[in-house]
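What follows draws every value from the coordinates through simple rules; no lab data is involved. Note that this is a predicted model, so its numbers are computed, not measured. With ideal geometry, Cβ positions are generated from the backbone for all residues, glycine too; neighbour counts draw on all protein chains shown.
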Amino acid sequence: MTPELTYLVYAAVLLVVHMLIQATLSDLSKGLGWALGAQDEPRTQNVVAGRVERALRNYVYNLPAFIILAVCLHLADLGTETTALGAAVWFWARIAYIPAFASGVVLVRSIAWFVSLAGLLLMLLPFLG
């Protein structure tokens, strides 16, 4: 399996882990009784749970680009050390994004996001020329 596809599998695992973290934090902040019940009345979650939910939403928005690039690189047999590095950079930056967003430290979340974008750009290079 190519490095890009390996990171794609890791990205799927990260998605599941991220969903579990988000659901757990959200349920704990709203109360377990409410979370395990019918949830008829809406409840707000705490600040950190809200941040982790927004981080998950951002992950879901960015994941399709990674999937497309990883699969296209594999199908076109265009994978290189640079594209493998791009996949690794994207993946590890996405991991860093979760605590960076949850912490609320100014600029850290944005830096992690821009690093992940740089990873995608490295994966895109073979298609640009």
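Relative to a virtual label point 7 Å from the Cα of L28 in the Cα→beta-carbon direction, which members of region 44-82 show backbone nitrogen distances below 11 Å? From region 44-82, the list is 49.
The long axis of helix 81-103 is offset from the longest Cα principal axis of the chain by roughly 20 degrees. Karplus-derived 3J(HN,Hα) values for region 20-33, using 6.51 cos²θ - 1.76 cosθ + 1.60 with θ = phi - 60°, are 5, 4, 4, 5, 5, 5, 5, 5, 5, 6, 8, x, 5, x Hz; glycine and proline are entered as x. Here the 3J(HN,Hα) profile of region 58-63, calculated from phi with Karplus coefficients 6.51, -1.76 and 1.60 at θ = phi - 60°, is 5, 4, 5, 5, 8, 4 Hz, Gly and Pro shown as x. Relative to the longest principal axis of the Cα atoms of the chain, the long axis of helix 108-128 lies at roughly 30 degrees.
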